[in-house]
Amino acid sequence: MQTLTDNVLMMKVKSGDLDKLGLLYERHKRKLFGFFYNMGNNASLSEDLVQNVFVRILKYRQSFTGEGPFTAWMFSMARNVNYDHHKKVSREGVSRNVSPEQVDRGTGDYLNEAMDLQGDAHLLRRAMGLLSAEKKEILLLSKYRELKFQEIGEILGCSEGAAKVRVHRALKDLKTIFLQLETR
Amino acid sequence: MKDEKFEILAMDYLSGNLSEGEAKEFETFLEAHMAYREKYEELLKAWELMEAMQSPEPSTQMDQAFFAMLSNEMDKEKESSPKQSLIAMFTAIFRPQWAIGVLLLLIGLGIGYFLRPDVEPIPTQTIAVNNETEEVRQKLVLTLLDQPSANQRLQGVSEANKFENADDIVIKALLKTLNSDPNVNVRLAAIESLTNYVDKPEVRQGLVQSIPNQGSPILQITLANLMVALQEKSSIAPFRQLLKQKELDTTVKKRIERSIESII
């Protein structure tokens, strides 16, 4: 069903065929949700932020030139949405972005010898929570293979090489944090 | 190998961005260097961890909210579309076809302008026609003034009034009528007709000369009034001569006396 590329669809949206945004939404909603969720937002907030991204896409649809891939454009919007949200939250002095998973459920889980996938996932989420926002962001951007390092660089405003180095270092940090959590 | 270069290469290798040759090269490099190999293996584990990272499925509420928002936006777009259609209407009006139409019209007008018949001859023709009618009218006036019927002579005088610029022949005929016509009304009409040409000296002279010839009181009074209006000093002598006549009407006499006074 991917006969129409994202860029073609987005150009149609730009020229007034708003209906086509539904297709783009269906294609990318999971990726975006995952991005926000793994950035440390809880599920319902992540849903709201996904919605905000598409509102923003509609609002700024005239600025889409079709030169770069749609996903890069979309993720740069997602990044701004996330940033704006946290800026607003920190200004209001209320931290609502703590997901239930981040709350320590007690140490009983870690004593479990068989670290199954779910346990791994939980640990990983905790490790992600301890990473800085920039590192989380770049890891999540590189997780979706659709984005090339050059595009990640464009989103973050750095060169392709710098993007690779940053991903590499972020991965290393994640691994270190993860191991620390594991051995605790 | 520098750390940074290794980091870049390792990322390329992981993400499959390297060509086959480059990949082989990197692998042999890893074989040779244990320290880097350990680093790479750490990285690979982290990468696999990332791959394993999962997120829950978004709820259907998100879909509902999104499509509600989208349909809202589409409605808004429709509401604002009348404006767009208005603009579209205007652009439809100013289509290039119109420009071509206007151009053709202008070309047509231009051709028409250059091919128009010469307008000059028409006035000369009307002048010629005017001349002809003047001539015919002159003959008519002269003929009518010679008629024995007073009615027809009156008609001739009124016909003479229609001249824009009567020539000498007509004026002479009118003066002759004034002096010798047996009918008072015809003579009266001739005076009225001649008043149109009082700026001509021969007309004034003719009028003055006719004063002693007039026997009818009404003509005498009309001439007296006319002379006062013209302030014709040369008319005083003929009036004085007229005053000497014994049979002159007393009203006329008084009138002429007053006229002479006002002229002086």
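The values are calculated or read from the model by the stated rules, or taken from the named source; none is laboratory data. Only a predicted model underlies this, so the values are computations on that prediction, with no experimental measurement involved. Neighbour counts run over all protein chains shown; Cβ positions are idealised from the backbone, glycine included.
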Can you give me the number of residues within the stretch B:28-42 that are more than 14 Å from chain A (Cβ to nearest Cβ) and touching a helix residue (DSSP H, G or I) at 6+ places or on another chain (Cβ under 8 Å)? 4
Of all residues in the stretch B:43-74 being hydroxyl-bearing (Ser, Thr, Tyr) and not in a helix (DSSP H, G or I), the one that is farthest from the other protein chains (Cβ to nearest Cβ): B:SER59
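Determine whether the stretch A:170-184 contains at least one residue that is modelled with pLDDT under 70 and either hydroxyl-bearing (Ser, Thr, Tyr) or farther than 19 Å from A:ASN82 by Cβ (or both).
Going through the stretch A:170-184, the residues modelled with pLDDT under 70 turn out to be A:184.
Going one step further and asking which of them are either hydroxyl-bearing (Ser, Thr, Tyr) or farther than 19 Å from A:ASN82 by Cβ (or both), we end up with A:184.
Yes, the stretch A:170-184 contains a residue that is modelled with pLDDT under 70 and either hydroxyl-bearing (Ser, Thr, Tyr) or farther than 19 Å from A:ASN82 by Cβ (or both).
Residue by residue, here is whether (1) crowded, with 18+ Cβ neighbours inside 10 Å; (2) at pLDDT 85 or above holds:
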residue	(1), (2)
A:GLU47	yes, yes
A:VAL50	yes, yes
A:ARG56	no, yes
A:ALA78	yes, yes
A:ASN82	yes, yes
A:HIS85	yes, yes
A:ASP109	no, no
A:SER132	no, no
